[in-house]
Amino acid sequence: MEAGDTETAQRLTLAMAAKVAGVSEVTLRKHLKAGRLEAVKTAGRYGAEWAIDVDTLAAFVRKQYSRELGRFAATTATIPPTATESTETPSEVRRRLEETLQELGRYKAIAETSQDAAADVERILKEQLAEVRAERDAARAEADRLRGRGFWSRLFGG
């Protein structure tokens with residue numbers, strides 16, 4: 001492939017490829033070094049950087065992870081299509097919005113449950129702390145009472 005051939009293939013940086021593939025940069029770098037993913041090193045702003053072909057990345061993700069690339073990989077790696085470029089119908093957008101709202105509701109319920117559980121644990125611990133303090137205070141009072149008596153009276157209960 002020619003270096004200037006951008007019509008047939010789009011090249012992604014390691015960071016963009018990781019985002020599109022849904023894995024970390026470290027993971028992709030390990031695959032590159034192991035030879036499981038093909039890429040070329042190009043001169044970047046701060047030195048050499050990886051340039052990964054979108055089609056190559058798509059094939060790798062399909063083979064390695066048995067899934068497709070992120071939604072926007074075919075169009076652009078970093079910029080999702082604007083509302084005017086979107087091919088989704090209003091009903092699809094509405095369905096997606098409703099699914100997102102349901103998922104948000106589930107996460108909110110989980111968070112509230114976690115907060116309730118934390119409050120219960122805090123209440124139980126405070127009760128136990130109060131019991132321990134009461135026992136400590138009773139032991140101190142008994143020790144003070146015994147300290148006021150002489151050795152023989154403490155020893156023989158007099």
Look at region 2-19 and say how many of its residues are among the polar types (S, T, N, Q) and at pLDDT 60 or above. 2
Do you know which residues across region 10-34 are surrounded by fewer than 16 Cβ atoms within 10 Å (Cβ to Cβ) and closer than 16 Å to residue 62 by Cα? 22, 27
Would you say residue 157 is modelled with pLDDT under 85 and farther than 30 Å from residue 10 by Cα? yes
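Among the candidates 71, 67, which residue alone is basic (Lys, Arg), within 22 Å of the chain's Cα centre (by Cα) and modelled with pLDDT under 80?
Details: 67 fails: modelled with pLDDT under 80.
Result: 71 is the single residue among 71, 67 that is basic (Lys, Arg), within 22 Å of the chain's Cα centre (by Cα) and modelled with pLDDT under 80.
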Residue 45: at pLDDT below 80 and within 18 Å of residue 10 (Cβ to Cβ), yes or no? no
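The values are calculated or read from the model by the stated rules, or taken from the named source; none is laboratory data. Keep in mind that this is a model prediction, so the values were computed, not measured. As a convention, Cβ positions derive from the backbone with ideal geometry for all residues, glycine included, and neighbour counts pool all protein chains shown.
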